[in-house]
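Reading through the structure tokens given below for one structure.
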Amino acid sequence: MGGLYFSGVFSAFILISVFFLPATKAASSSQLSPGEPLPDGATLVSSGGIFELGFFCPGNSANRYVGIWYHEFSSSTVLWVANRESPVLDRSGSLAIADDGNLVVLDGHKAVLWSSKVTSLQSNRSTAELFDSGNLMLNNSGVMAWQSFDHPCDTYLPGMKVGLDLITNVNQVFTSWRSEDDPAPGNFSVGIAPDRSTQFFIWEGNKPRWRSGRWNGQVFIGIRNMVPTYIYGFKLSNFQQENKMYFYYTQFNSSHRYVLMSDGVERHLVRANNTKNWSQYWAQPITQCEMYNRCGNNATCTDSLDGNSPNCSCLKGFVFGGGNLSGGCVRRTPLQCERNNGKASGGEPDGFYLMQGVKLPDLSDWDSGPSNYSQCKEACSTNCSCKAYSYATGIGCLTWGRDMIDIHLFSSGGNDFYLRLAGSEFGKSHHHHLLLLLLLLLFIYLIYTSYLECSIISCTYKGQQYEASSSSKPSKPHHPRNTSSTKLPAFLRQTPLDGTTLVSSNGIFELGFFRPGNSTKRSAFGTTSTTTVLWVANRDSPVLDTSGFFAIADDGNLVFLDGSKAVLWSSDVTSLP
């Protein structure tokens, strides 16, 4: 639950509703005992003087609520409210321990407006105490029976737990206030994803509004630039032993808190030293692309400069469904294994397209088998239902078998994501493949135009010398012109030799041999001038001397041979006539 969105200092009375405390207070005490109710106008103060409990009025409301706030430095910041949905309408209310041992809020007629609702308590054996952590605890016969930390409102304090009971599936969530004047549960809540994916979600009603991405043991991977645990102190419980999955963060001090605001934005607030002001250290969501699945299924969202105008694009290999983003995007070309009933046979094989800097999509499956990237790739490649995969540090192998939902492309950070596509999709935008094809066509053009030129008239033999260069780049080929010329044979079975070049009929391109930099190794090149090498044939297999030559082999392929007639490079075209 952290990132690095810093927005300066906010006054506490702006962030949280200003409320009005009574003018008189009883002598401070941290405990409440049976038969000693706390009336409106009196307060409990934790033993260290950090937190305070009593009645208050939120904002412009006249309704009275029992709440907990900071005792000294930020008394206008309410952290917890007991009777959120049942206010006292005047100043006649009180907080008491009832005959059944429960903690209750009463109105002037002694009607119970709120109760801790713990069953099987021993009557007259309960006490309540406010601790320096901000936790209000009800003890019965010396045993903790209830605590406010298990019933949070809108504020997440050090020591609180946000969790999921793995047996009952009960999710402990934080809920926003309805407004600054009304602490009743609002329309927004934050908690752990019920699918046990270790993600935090903010929901608007039952609809996802924002998610954190999975926890990798250090950070939530869907929060851009989140700093590690030693800054935030977040930890994940050992849920396999406790049958509960919950997050908590360690006690920095009382100056850190997370608040889910009534507008659905969660803010991490830090109190400025020795002041009553709070600075916003982080907030989510604050840009359009941080909103859950802003661009629809199988689409990516990239933030604009102002963060308010998302740039939506279909994933590679997908097109808009229905012609616009409202329907998300759909796959353009079926996968090979889908066309062959789950068998990867016949047609061009599927491939995986790498995307970098990605907030990984929601609804991933964790594969416990693979222990590295290669195994993860293999597991997905051999499973037709696997549509994408990612190997995330600290998590392992994640796979997707459905639509890709909620993809945000980060300007920094993020994860590598491999999307499965039909093989035909790769030729449509892989520019480097196109460039290689063009260069190959250029090379063939050079050879065959020179071949025709030699067949019809002649090719000029030009001796060459190459000057070594101290640069790490290939040195330019030098071509001192020989005043004599020699006709090359019409068939290129033994030509051109090292020291000979072929020149295209229009005089623009030249093909021959060169020595890069300070190397003594020789390579074949194509160039537009004596200073620019455009293409190299035998990049991996240089000739060690000047004995090399080009030829057309018996199978029709263009080959590059050394002095012993060993083939160092071939055009490798099959089925030539």
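So between Met144 and Val118, what do we pick up on full extension, going 0.36 nm a residue minus the alpha carbon distance?
Taking Met144 through Val118 to full extension adds about 8.3 nm, to one decimal.
Using a simple charge model, +1 on the beta-carbon of Lys and Arg, -1 on the beta-carbon of Asp and Glu, nothing else, what dipole does segment 22-115 show about its Cα centre, in debye to the nearest 20?
It comes to approximately 180 debye.
Quick check for me: using +1 on Lys/Arg Cβ and -1 on Asp/Glu Cβ, what's the dipole size of segment 80-157 about its Cα centre, in debye to the nearest 20?
Roughly 140 debye for segment 80-157.
Please give the solvent-accessible surface of Arg339 in Å², to the nearest 10, using a probe radius of 1.4 Å with every protein chain present.
110
If you place +1 on the Cβ of every Lys and Arg, -1 on the Cβ of every Asp and Glu, and leave all else neutral, what size is the dipole of segment 84-217 about its Cα centre, to the nearest 20 Debye?
460
Measure out, as a whole number of angstrom, how far apart the alpha-carbon centroids of segment 380-411 and segment 105-153 sit.
For segment 380-411 versus segment 105-153, the Cα centre distance is 46 Å.
Provide, in order from the shortest bin, the percent of all Cα-Cα pairs of segment 376-420 in each 10 Å bin, continuing until the bin that contains the maximum pair distance.
26, 54, 19, 1
R0 = 41 Å: FRET efficiency of Gln31 with Lys276, Cβ-based, nearest 0.05?
Values: r = 27 Å, r/R0 = 0.67.
After rounding to 0.05, the efficiency reads 0.90.
With the Cα gyration tensor of segment 278-421 in hand, give its eigenvalues times 5 under a square root as the equivalent ellipsoid semi-axes, listed largest first in whole angstrom.
Working: eigenvalues 164, 82, 22 Å².
One finds semi-axes of 29, 20, 11 Å for segment 278-421.
The values are calculated or read from the model by the stated rules, or taken from the named source; none is laboratory data. All of these numbers come straight from a predicted model, not from anything done at the bench. As a convention, Cβ positions derive from the backbone with ideal geometry for all residues, glycine included, and neighbour counts pool all protein chains shown. Just the protein is used for accessible areas: all its heavy atoms, side chains included, with ligands, DNA and RNA removed. Shrake-Rupley method; radii C 1.70, N 1.55, O 1.52, S 1.80 Å.
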